[in-house]
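> Supplied in structure tokens, the structure appears directly below.
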Amino acid sequence: VQLQAYGGGLVQAGGFLRLSCAASGRTLSSYGMGWFRQAPEKEREFVAAINWSGVSTYYADSVKGRFTISRVKAENTVYLQMNSLKPEDTAVYYCARQRYSSGSYYFPREYDSWGQGTLVTVSS
């Protein structure tokens, strides 16, 4: 499967963006999906995840209440709605497909396919 993340950009603090992760080559419907981010000189960190059915969602404490992950199976796409953005949200955001449905959502090693990343810059 090929994943393509897009929707990043420059936004002022307090603003919003919606990231999309579109898949080609194979359906995502049987897989959990996650969003991670990586700021300069920092490790890649978990942001949000959604299980295969879309019923269960998981968030990092730093984004809880501000970000919402969702999926539309008919579009083979996963979204990350980001509201009340802060300068510390500045990073390259990556979407990824979970390797096994029984695995953890929180660690990059649990994902086997990654999009190319989209840059989100939040100015103060």
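> Go through the stretch 89-124 and count every residue that is acidic (Asp, Glu) and either under 12 Å from the mean Cα position of the chain (by Cα) or more than 21 Å from Gly15 (Cα to Cα) (or both).
Our first condition is that a residue be acidic (Asp, Glu); within the stretch 89-124, this holds for 89, 110, 112.
Still in the list and also either under 12 Å from the mean Cα position of the chain (by Cα) or more than 21 Å from Gly15 (Cα to Cα) (or both): 110, 112.
Counting residues in the stretch 89-124 that are acidic (Asp, Glu) and either under 12 Å from the mean Cα position of the chain (by Cα) or more than 21 Å from Gly15 (Cα to Cα) (or both) gives 2.
> Now for a different question. Is one or more of the residues making up the stretch 62-70 surrounded by fewer than 18 Cβ atoms within 10 Å (Cβ to Cβ), on the phi > 0 side of the Ramachandran plot and either under 10 Å from the mean Cα position of the chain (by Cα) or modelled with pLDDT under 95 (or both)?
No - not one qualifying residue is present in the stretch 62-70.
> Counting only residues that are open to solvent by 40 Å² or more (accessible area, probe 1.4 Å) and part of a strand (DSSP E or B), which one in the stretch 72-82 is farthest from Val1 (Cα to Cα)?
Top of the filtered list is Gln81.
> I've got another one for you. Which of the following residues is part of a strand (DSSP E or B), out of contact with any Lys or Arg (no Cβ under 7 Å at 6 or more places or on another chain) and either of a type outside the set (Val, Ile, Thr) or modelled with pLDDT under 95 (or both): Leu119, Leu85?
Being part of a strand (DSSP E or B), out of contact with any Lys or Arg (no Cβ under 7 Å at 6 or more places or on another chain) and either of a type outside the set (Val, Ile, Thr) or modelled with pLDDT under 95 (or both) holds for just one of Leu119, Leu85, which is Leu119.
> So for the stretch 13-33 (the condition being loosely packed, with under 15 Cβ neighbours inside 10 Å, assigned to a strand (DSSP E or B) and touching a Gly at 6+ places or on another chain (Cβ under 8 Å)), does at least one residue qualify?
Looking for residues that are loosely packed, with under 15 Cβ neighbours inside 10 Å, assigned to a strand (DSSP E or B) and touching a Gly at 6+ places or on another chain (Cβ under 8 Å), one finds at least one in the stretch 13-33, hence yes.
The values are calculated or read from the model by the stated rules, or taken from the named source; none is laboratory data. Keep in mind that this is a model prediction, so the values were computed, not measured. Cβ coordinates were reconstructed from backbone atoms using ideal geometry, including for glycine residues, and neighbour counts include every protein chain displayed. Accessible surface is based on the protein model in full, side chains and every heavy atom, while ligands, DNA and RNA are left aside. Shrake-Rupley method; radii C 1.70, N 1.55, O 1.52, S 1.80 Å.
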